[in-house]
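Student: I have a structure I would like to understand better, so I am pasting it below and will then ask my questions one at a time.
The values are calculated or read from the model by the stated rules, or taken from the named source; none is laboratory data. Given the structure is predicted, the values throughout are model-derived calculations rather than measurements. Using ideal geometry, Cβ is built from the backbone for each residue, glycine included, and neighbour counts are taken over all protein chains shown.
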Amino acid sequence: MNRKIIHIDMDAFFAAVEQRDFPELRGQAVVVGGRPDSRGVVATCSYEARKFGIHSAMPTSRAYQLCPHAKFVSPRFSAYRQASEEIHKVFKQYTDIVEPLSLDEAYLDVSETDYFNGSATLIASEIRSDIYNAIQLTASAGIAYNKFLAKLASDQNKPDGQFVIRPGEAEVYLKSLPIGRFYGVGKVTESKMQASGIKTGGDLKNKTLVELQRLFGNSAEYYYNISRGIDHRPVSSNYVRKSLGSETTFQNDISDTDQMLKHLADLLHEVLKSLLNRKLLAYTITIKVKYADFTQVTRSYTSDTVISVDNKARQLIPVLLAKTDVNKRPVRLLGVSFSNLTSSDNVSDSGQMLLF
């Protein structure tokens, strides 16, 4: 209850950068992602595009159907990273306890900050102002005494707004909140909750822990706590990337295994290069396969020695692919990722993790 946590979330970040850099896009429905005639998806879109029902992860072909006059642009990640670096410079002016979640959002713990006499609300407002002055982009903020509530609050008054949830206000705020708005409740879980009569935070709170355990197993305690506004996780400035990967969606579904292996090899090369640039090593490799009917599977292998070396990883790709149904079902997407990451400084020449 004594923590003061701010969640900063940039507004339609990728699309906003495009509108800032290209004046002809301002005021237009902008969709960042694949081309409308491709099998790609929407990375993000401007608020003008959202009025037509377009949202992230939607197929760009569907986005085109909803808004044919939208401006479809390819992502420029170098521009987004540059803007993100400027945003984080602003954060560091107020606190060293910053936990990035992505290029465009982060948690900040300002509990020990003396700016504005320790007012997290005023600090959040000043951060948003500083970001706009630095890069001409707007941000929204949520202020609360824990991370779960702060993230919920940042979405309350978007775009270019902020919202605070004070101690003692959480349960009232959560009571009528639609369950789909709860951070950590995905589409599948939301459907299961709805089927069990859980439609709001109040409904979730009315369930006993035993009932939730019967419905959701190991996740029950998390749902039990968040319905009461409880979240003890600290803001961690020692952010460690959990995984690194790449994927590709095909213009037309493919059924040829050799062709799939070639695409996976190209993706593998790309990810290995990214790991090398970041001086990271990995102990788990995963391939992702999305079939033509949009169902998706993953296949993984974990080793006690480093697996993110070219020869070892390449040998595992066909083994993992053989454990899927690619010989029976056409494929629309393939992906490769590595997890269980560590710095190369923490690994011996044999590939074993150093324990001292």
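Student: Looking at this structure, is I307 in a strand (DSSP E or B), more than 27 Å from Y107 (Cα to Cα) and in contact with a Phe, Trp or Tyr (Cβ under 8 Å, 6 or more places away or on another chain)?
Tutor: No: the conditions fail for I307.
Student: Does any residue in the stretch 27-51 that is assigned by TED's automatic domain parsing to the domain that holds P159 and modelled with pLDDT of 95 or more come within less than 7 Å, Cβ to Cβ, of a residue that is aromatic (F, W, Y) and crowded, with 20+ Cβ neighbours inside 10 Å six or more places away or on a different chain, and which pairs are these?
Tutor: Listed pairs, sorted by first residue: V31/F72.
Student: Right, something else. Quick one: what pairs do we get from the stretch 190-203, first residue farther than 16 Å from E171 by Cα, second among the small types (G, A, S) and surrounded by fewer than 19 Cβ atoms within 10 Å (Cβ to Cβ), C-beta under 9 Å, 6+ apart or different chains?
Tutor: Taking only residues 6 or more apart or on different chains, the pairs are E190/G180; M193/G180; Q194/G180.
Student: Name the single residue that is modelled with the lowest pLDDT among those in the stretch 251-265 being within 20 Å of I307 (Cα to Cα) and surrounded by 14 or more Cβ atoms within 10 Å (Cβ to Cβ).
Tutor: The residue in question is A265.
Student: Next up: Taking the stretch 323-338 only, how many residues are under 16 Å from T286 (Cα atoms) and either outside any strand (DSSP E or B) or not β-branched (V, I, T) (or both)?
Tutor: Final tally of qualifying residues: 9.
Residue-wise test of (1) assigned to a loop (DSSP other than H, G, I, E, B); (2) under 30 Å from I198 (Cβ atoms).
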| site | (1), (2) |
| --- | --- |
| E211 | no, yes |
| G217 | no, yes |
| N225 | no, yes |
| G245 | no, no |
| Q251 | no, no |
| H263 | no, no |
| L267 | no, no |
| I285 | no, no |
| D293 | yes, yes |
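Student: Is it fair to say A282 is within 20 Å of R314 (Cβ to Cβ), surrounded by 18 or more Cβ atoms within 10 Å (Cβ to Cβ) and among the aliphatic types (A, V, I, L, M)?
Tutor: It is true that A282 is within 20 Å of R314 (Cβ to Cβ), surrounded by 18 or more Cβ atoms within 10 Å (Cβ to Cβ) and among the aliphatic types (A, V, I, L, M).
Student: Sticking with this one: Out of the stretch 1-43, which residues are assigned to a strand (DSSP E or B) and over 23 Å from F163 (Cα atoms)?
Tutor: Within the stretch 1-43, V30, V31, V32, G33, V41, V42, A43 meet the criteria.
Student: Let me ask you something else. Scan the stretch 294-318 residue by residue and report those that are over 22 Å from F250 (Cα atoms) and β-branched (V, I, T).
Tutor: Passing the criteria: T302, T305, V306, I307, V309.
Student: In the set A144, A49, which member is of a type outside the set (K, R), in contact with a strand residue (DSSP E or B) (Cβ under 9 Å, 6 or more places away or on another chain) and over 20 Å from F13 (Cβ atoms)?
Tutor: A144
Student: Of everything in the stretch 51-68, what is part of a loop (DSSP other than H, G, I, E, B) and among the small types (G, A, S)? Give them in sequence order.
Tutor: Matches in the stretch 51-68: G53, S56, A57.
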